[in-house]
Amino acid sequence: MRPLPLHRIGRVERKLATVLFADLVESTRLVGAADPEIVRRRVTRFFEQVARCIENHGGTVEKFAGDAVMAAFGIPRAHEDDAERAVKAALAIQESMGDLGVEARIGLEAGEVVADDSDSTFATGEAVNIAARLQQMAKPGEILVGPGAYRLTIGRVVTEDVGPLELKGRDTPLWAWRIVCATDGAARPKVQAPLVGRDAELDLLENTFGRCLRDRRAHLFTIYGDPGVGKSRLTREFASTLEGATVLAGRCLPYGEGITYWPLAEMVKSAAGIDDDDDSEEALEKLRASCEVEAVADLLGLASGILAAVEGERSREELAWAARAWAQSVAEVQPLVLVFEDIHWAEEPLLELVEHLAAWVRDAPLLLVCLARPELLEVRPDWGGGRLRATAIELEPLPPAESEELADALLSAHRLPEDVRELVLEKTEGNPLFVEETIRMLVEEDGRPAGLIPDTLQALIAARIDRLEPPQKTLLQRASVMGRIFWPSAVERLAPDLEGLDRLLDDLLFREFVLEEPRSTISGERAYRFKHVLIREVAYSTLAKTARAELHEAFAHWLADRAGEELLEIRAYHLEQACSIHLELDGSCPPELAQAAAEALEAAGRRALSRESFQTARRVLLQAVELAPTLERRYFAARAAWRLADYPAVAVEMEDVRAAAAEAHDRQLHGRALTALAEVALNQAADAVRARELADEALEKLADEGHALAQFEALSTRAHVSGWLGESEEDLRYMEQALMVATVAGRKDLETLAAQGLAMSYLTRLELDRAEQLVRRALSLSEESGSIRARASALATDGSLHLLREAIDEAEVSYSEARRLFDELGVAQYAAHTRMMLARVAERRGDDDTAERLLREAMRILRPMGDRAFLCEVERRLAQLLVRTGRVEEAERLALSALETVGPEDATSLITTTMALGVVRAAQGRDEEAEQLMRQAVEAASSFKLFAIEPLLTFTQFLKDRGREEEAAPYEARWAELSPTVAKRAARIA
């Protein structure tokens, strides 16, 4: 085991930040035209003014370089509105330049940067470079923003599209926007989310308002909830239901000067009809006109910033009196609802004022609605407590059913593909804002689910994490490496310097970052879960990649010590992640780590193969091969592709394995590779002769190896080849040998496959009773085996038996379940085959639309695979269906394609595809060609039973339709010799 230098994990973090560059315009000309001391004073004043604007908006000046200032918003601590702060700071800078007699140009961009988690703001990343380049491209007095900052401020600022810009150092143009002005956020585009799952809370608000009307008293109603859970949405819905009431809203701000009474100021200005562009005199005149008492108006003018700033305790008391008098007078005219948003950011004077209004407004209906995050209770644990007229509720995330309802409504409104639905539900976990923002991201990305976190949500969650104390934040970051579930003792291994772990966990539980799991998958270990998957993802995203690599490896070692092989797959994943990060950063991986990861991945992949998790097996075995290729690893990676019927990959990889095994004199792997290559020859090349050669060679190599699975696969493949060649007896002989091998080995999964293979052989011979015995055996064995692949194969054969016996409903049930299982396994070839068989069921019901849909689905699956075994059958069946529905032109293309696809030795498909083209030619009125093709098919089918029925019936009908009854008679007689049940089935198809 490599010693892990966890103590070296530094405080370097990855953060979503907004970078601002501001430059003094034409400073060279300024220097040349003025006294150096004057220049120095102007430049110094420029720097001071820029720094003041930046700091007033919560940003940090990183450095002064020449005449330029670089600042960062979100470093060292993130805020959910860092991009908006940066834009407003830029606007403030430009507004202040007039007083200095200079001009500035500014560039902004938001994105992931790497920074030291300390008081330093030194940052590197693409956003830094883009912001600098945009500043250089900006005109004097102009602010340009890049795509990242634009996305984060949509609706918060007014922009003009500048279009793509060629920036130095970039290969591709970058789209940019010019900032015009800021807005109040009301213009942010909505995705028209309906209010879902909040009926009880809405009823409570309405009932409380009813009490205010009845009692003519003030009531304090606080709505708690995590960001995005729907506090504002609920309040807007409530306000929309009110008639004859005045509703005024104001938002508490987290930064800025003179913001103490900001929400009250917004309410007062709104009630008085004061616009932002009104001068002080006009605003005060409107305010006095709206107030009954001039003193009240003047005090409210102080609070609103219309008059000079308020100082001293006496002014605070007077403001409380004025606010009460104002609210009382408005509420006496008609009921009043005051909505204080984000009150967790309120300063103490405003909190006291709200409580004062709740306690002292009398004989007037006033409802005070306060929207708060749970952290309000950290600074004011007694908020609303001890009051008779106070209500508090907490909004929880929507339960699954209502979350699905919301997602479905939004997806429907935006016509996004249904396949993104599960992604939305998985990522958002019932948080309405998360649902909306994730769908917004998908809309912007044209419905392509990139699996990323929308920038808006990352900013929101990162800000919440950054408000934690360093130990709690470190705990979250280290725990995030493990995944959604984590264990305290593993955190101790990953964060050995962390003290008071239980206390820190309790704090995170209280703050609802994590939840305790009722049970742990590791005995003797407590387990915790991140409350929301996005909290985990954002916490992980803040870790530097160097730290991630070391932590993944450390956690893998903890798993090995604590859980052994029980959690092998998880351990393999973390070792692979450590390797991937090393390769990304350094281009190489420590050899010991690479070897450990490859061994774990191989073991996990082989276990996945045995569990029939073929897609997982393929992925992890390829990872193992990439890290440390061995002959066995290469074989098992190719075997996973074989099980998935990925024949192009099997052809290349198994040939490499075959050659290497021959050179190494490894007869077993040599034989097993030959078996796989025989199936490739059959299914991809449609070369049954070559497939027979390969299968025979495989049997020879494996004869003395004593490997039951290898021998079984070689025998069943050889039987399959015989079936292609129309060698019925050989087919049965090899399949019976395969059944014997499986039985001796005690492999019920292999017994199932052999029994159903034999059943299919007997079905083609129309020996239905014998076939039924084998099908029943296969179904019974499949249940005992626990093999999904075996069960699906048995069900598919059961469906064919039912179809031949006219049991259409039973056939549909079996085929449908087989399709579901093959889809689950990811075995595309057989998933397509079951769709083709379900199409036959639909045709029997007269449902050509469903049959066509299923056949086209099957074609879409098979064509990219290069399959020639089933594709020709799907194409010819669809061609015949299209003839029946009058679409002869497309039918001809498909019939010709089917004949071109079929292999020269594929005896049965040569019959069916030739007959299909004959049907097309008959529909085109080309009777001579049609008759020739049909006779050819009938003659080729003469040695078969099942595959002779359809050609005989079709040709008989062709002759009768042309008045050639006498010629049709012998073909009809031959058809009548076959099983009556099958004859009836064939007649119905015709």
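The values are calculated or read from the model by the stated rules, or taken from the named source; none is laboratory data. Keep in mind the model is a prediction, meaning the values are calculated, not measured. Cβ coordinates were reconstructed from backbone atoms using ideal geometry, including for glycine residues, and neighbour counts include every protein chain displayed.
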Counting only residues in the stretch 830-866 that are over 33 Å from the mean Cα position of the chain (by Cα) and in a helix (DSSP H, G or I), the one surrounded by the most Cβ atoms within 10 Å (Cβ to Cβ) is identified as V841
When the stretch 235-259 is checked residue by residue, the ones that are under 25 Å from G197 (Cα atoms) and more than 41 Å from the chain's Cα centre (by Cα) are E243
| Could we say that E375 is in the same structural domain as P227 (by TED's automatic domain parsing), among the charged types (D, E, K, R) and in contact with a Leu (Cβ under 8 Å, 6 or more places away or on another chain) here? | no
Among helices (runs of 4 or more DSSP H) completely within the stretch 867-975, the ones holding 3 or more residues that are over 51 Å from the mean Cα position of the chain (by Cα), crowded, with 18+ Cβ neighbours inside 10 Å and hydrophobic (A, V, I, L, M, F, W, C) are 927-940, 946-961
The one condition A686 fails out of (1) surrounded by 17 or more Cβ atoms within 10 Å (Cβ to Cβ); (2) in a helix (DSSP H, G or I); (3) at pLDDT below 95; (4) within 42 Å of the chain's Cα centre (by Cα) is (2)
Log entry, pairs with first residue in the stretch 730-743 being over 11 Å from S761 (Cβ atoms), second being surrounded by 16 or more Cβ atoms within 10 Å (Cβ to Cβ) and of a type in the set (D, E, K, R), beta carbons closer than 6 Å, six or more apart or on different chains, reads A742/E751; T743/E751
Note on the stretch 870-890: residues within 16 Å of E900 (Cβ to Cβ) and among the acidic types (D, E) are E873, E875, E890
Here the qualifying pairs (Cβ atoms under 8 Å; residues six or more apart or on different chains; first in the stretch 513-539 and free of Cβ contacts under 8 Å to residues at least 12 places away in the same chain; second assigned to a loop (DSSP other than H, G, I, E, B)) come out as R519/A527
Inside the stretch 158-167, the number of residues satisfying the requirement of being among the β-branched types (V, I, T) and in contact with a Leu (Cβ under 8 Å, 6 or more places away or on another chain) is 1
When every residue in the stretch 323-355 that is of a type in the set (S, T, N, Q) and out of contact with any Ser or Thr (no Cβ under 6 Å at 6 or more places or on another chain) is compared, the one surrounded by the fewest Cβ atoms within 10 Å (Cβ to Cβ) is S329
(1) farther than 20 Å from G726 by Cβ; (2) modelled with pLDDT of 85 or more all hold for E950 apart from (1)
Restricting the stretch 596-625 to residues that are modelled with pLDDT of 95 or more and of a type in the set (D, E), the one nearest to L862 (Cα to Cα) turns out to be E602
By my count, helices (runs of 4 or more DSSP H) wholly in the stretch 399-518 with at least 1 residues that are modelled with pLDDT under 75 and small (G, A, S) are 400-414
Of the candidates L30, L20, the one satisfying the condition of being modelled with pLDDT under 75, surrounded by 17 or more Cβ atoms within 10 Å (Cβ to Cβ) and touching a strand residue (DSSP E or B) at 6+ places or on another chain (Cβ under 8 Å) is L30
Note on the stretch 587-621: residues assigned to a loop (DSSP other than H, G, I, E, B) and either of a type in the set (D, E, K, R) or within 24 Å of W558 (Cβ to Cβ) (or both) are C589, P590, R611, E612
Of the residues in the stretch 212-234 that are surrounded by 22 or more Cβ atoms within 10 Å (Cβ to Cβ) and not in a strand (DSSP E or B), the one that is farthest from the chain's Cα centre (by Cα) is C212
The residue that is nearest to P648 (Cα to Cα), considering only those in the stretch 810-845 that are of a type in the set (D, E) and modelled with pLDDT of 95 or more, is E817
Restricted to the stretch 465-489 and to residues being among the small types (G, A, S) and under 28 Å from the mean Cα position of the chain (by Cα), the residue surrounded by the fewest Cβ atoms within 10 Å (Cβ to Cβ) is G483
Just one listed residue, out of A401, A358, is crowded, with 19+ Cβ neighbours inside 10 Å, at negative phi and of a type in the set (G, A, S), and it is A358
Against the definition (modelled with pLDDT of 95 or more, in a helix (DSSP H, G or I), surrounded by fewer than 22 Cβ atoms within 10 Å (Cβ to Cβ) and touching a helix residue (DSSP H, G or I) at 6+ places or on another chain (Cβ under 7 Å)), how does I581 come out, yes or no? yes
